[in-house]
Amino acid sequence: MPTAAFFDLDRTLIRGSANYPLAIAAFRGGHVPWRDLVKDTLNAISFHRKGSTDAGSEALRERILRAVAGIRQTDIIHLTDAIVPGIVRKAIPASMTLLSDAKALGQDRIVVSASPIELVGRIATALGLEGAVATRSELDDEGRYTGHLVGEFCYGAGKVIEIEKLAAERGYDLSLCTAYSDSISDLPMMERVGTAVAVNP
């Protein structure tokens, strides 16, 4: 039976937040106003020092959904392609060792993040991993974001729902799987798998 190792992204696999470089790129591309970039900068400093909070993550979700409404997905993909190499360079060496260990055990390595799938999926590919579970935004018939989600916000209990979907698709027995995270917000995911590993707490 296939098994998986689920890895949180921010402060688990990489230093800081993957969303902050995306916010900068979106601002430079004319997609995000200056005041939102200032908020994201302050949030990034706080996140680097203390990690995420439920309230902060919910507020960020709503701001991102509002900001991308009406933007073409292809524009965001273009931005993510440009910033992923820099994000991957912030990978935490000890966590890269954990990825190698999971591969040696024959586990599929899956990144699980509240960040957009357009970004997280490309980070997973750049790291040579087997998959990504992340927040998905709804698109209209012209490929523009509607400002609404498809499925769960991939944070807290939402991560559990999304990894359960993936487990059903791929045949994982979650009791035989492992999860890695730095944050108490990932406790639901950690409790759902057979082995939980706290990293960079």
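Taken together, the values in this text are just the output of simple stated rules run on the coordinates, not laboratory data. Keep in mind the model is a prediction, meaning the values are calculated, not measured. Cβ coordinates were reconstructed from backbone atoms using ideal geometry, including for glycine residues, and neighbour counts include every protein chain displayed.
Spelling out what I want: for every residue of segment 170-187, take phi, set θ = phi - 60°, compute 6.51 cos²θ - 1.76 cosθ + 1.60 (Karplus), and round to whole Hz; glycine and proline get x.
Calculated HN-Hα couplings, in order: 9, x, 6, 8, 4, 5, 9, 9, 10, 10, 10, 7, 9, 10, 5, 5, 8, 3 Hz.
Loop only by DSSP, 15 or fewer other Cβ within 10 Å of the Cβ. Give me the GluC sites (Glu not before Pro) in segment 148-201 that pass, ordered by residue number.
Listed in order of number, the matching sites amount to none.
Give a residue-ordered list of calculated ³J(HN,Hα) values for segment 107-115 (Karplus: 6.51 cos²θ - 1.76 cosθ + 1.60, θ = phi - 60°; whole Hz; x for Gly, Pro).
With the stated coefficients, segment 107-115 comes to 8, 6, 9, 10, 7, 10, 8, 6, 5 Hz.
Apply the Karplus curve 6.51 cos²θ - 1.76 cosθ + 1.60, θ = phi - 60°, to the phi angles in segment 89-104 and return the couplings in whole Hz, x for Gly and Pro.
5, 8, 4, 7, x, 4, 6, 5, 5, 4, 4, 5, 4, 5, 4, 4
Would you order 78, 148 from fewest to most other beta-carbon atoms within 10 Å of each residue's own beta-carbon?
Placing the least packed residue first, the sequence is 148, 78.
Can you list residues whose amide H is under 5 Å from residue 7's amide H, if they're 5+ apart or on another chain and H is modeled 1.01 Å from N?
So residue 7 has HN proximity to 110, 111, 112, 180.
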